[in-house]
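The structure appears right after this line, and notes come after that.
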Amino acid sequence: MNISPAKENILKRIREALAQETPMPFPQSEKNGNLFPAPPQEPEIEFAEQFTQLQGKFIYCINRQELAFQFGSLAKKQDWAPIFCTDNKLINLLGESLSERLTQTDLADCSVAVTGCEFLVARTGSILLSSAQTDGRTASVYAPIHVCIAFMDQIVYDIKDAMQAAREKYGSSFPSFLTLATGPSRTADIEKTLVVGVHGPKEVYVFLVEA
């Protein structure tokens, strides 16, 4: 194939440019520091504030016993049944009193899905989920109500902290995907009117367990 002199000249200049290392134009950018400095308050308080501003519903539990009590009371008050959950550790935490309401099959027939998470991001009030979890991502977006159960050691400040923690956690077995859930699903594409619960859950709960 014949290449015109003009095109050959362009390709030559590209090759020469690629052969030279280009210094970072902004060495003090967020790559080497925190773009968003951490607030003075505790990360769990920051997460709770950001999450509730996004219409999320935050419930703090001092221990696992309180988690079982709080979740059971809410499930009975809201008449949640059946409740989808495939994580046996979470099922054990929720207690035997809910065994008749819980199911590990037929997600399509459930209005509530319970999952764990990888991390909670305090700055944005987000939940980091991954394909490495027992239920993958399906449960968190399919049911109209998503309930996430998390623990204090899963809270990080920023998204890059969550990504770094995930890399350290999984190493070479990194999940095929990560996803951030930031409050209930919403869109304003139709005449700029905010609609909640269009492409995912209409309600999102986070139960944060102290220990």
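The values are calculated or read from the model by the stated rules, or taken from the named source; none is laboratory data. The shown structure was predicted, so the numbers you read here are calculated from the model rather than taken from an experiment. Positions of Cβ are generated from backbone atoms using ideal geometry, with glycine treated the same way; all protein chains shown enter the neighbour counts.
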Does region 48-78 hold any residues that are basic (Lys, Arg) and under 21 Å from PRO201 (Cα atoms), and which are they?
-> LYS57, LYS76, LYS77
Per the filter on region 145-170, residues among the β-branched types (Val, Ile, Thr) and either crowded, with 23+ Cβ neighbours inside 10 Å or farther than 25 Å from PRO40 by Cα (or both) are ILE145, VAL147, ILE149
Is it fair to say ALA108 is surrounded by 21 or more Cβ atoms within 10 Å (Cβ to Cβ) and outside any loop (DSSP other than H, G, I, E, B)?
-> no
Within region 129-144, which residues are out of contact with any Gly (no Cβ under 7 Å at 6 or more places or on another chain), surrounded by fewer than 21 Cβ atoms within 10 Å (Cβ to Cβ) and not in a loop (DSSP other than H, G, I, E, B)?
-> SER130, THR138, TYR142
Under 7 Å between Cβ atoms, at least 6 apart or on separate chains: pull out the pairs that start in region 99-126 with a residue that is within 27 Å of ASP161 (Cα to Cα) and end on any residue that is part of a loop (DSSP other than H, G, I, E, B) and charged (D, E, K, R).
-> THR115/ASP87; THR115/ASP135; GLY116/ASP87; VAL121/ASP158; ARG123/ASP158
Restricting the search to region 101-141, which residues are modelled with pLDDT under 90 and acidic (Asp, Glu)?
-> ASP106, ASP135
Filter region 44-79 for residues that are outside any helix (DSSP H, G or I) and closer than 14 Å to LEU94 by Cα; which is farthest from the chain's Cα centre (by Cα)?
-> ASN63
Please name all residue pairs, on different chains or six or more residues apart, with Cβ atoms under 9 Å, provided the first residue is in region 137-164 and is without any contact (Cβ under 8 Å) to a residue 40 or more places away in the chain and the second residue is of a type in the set (Val, Ile, Thr).
-> ILE159/VAL121; ILE159/THR124; GLN164/VAL156
Filtering region 36-53 down to residues that are closer than 15 Å to VAL156 by Cα and exposed (fewer than 12 other Cβ atoms within 10 Å of the Cβ), which residue is modelled with the highest pLDDT?
-> GLN41
Count - residues of region 155-202 that are at pLDDT 95 or above and closer than 16 Å to GLN53 by Cα = 0
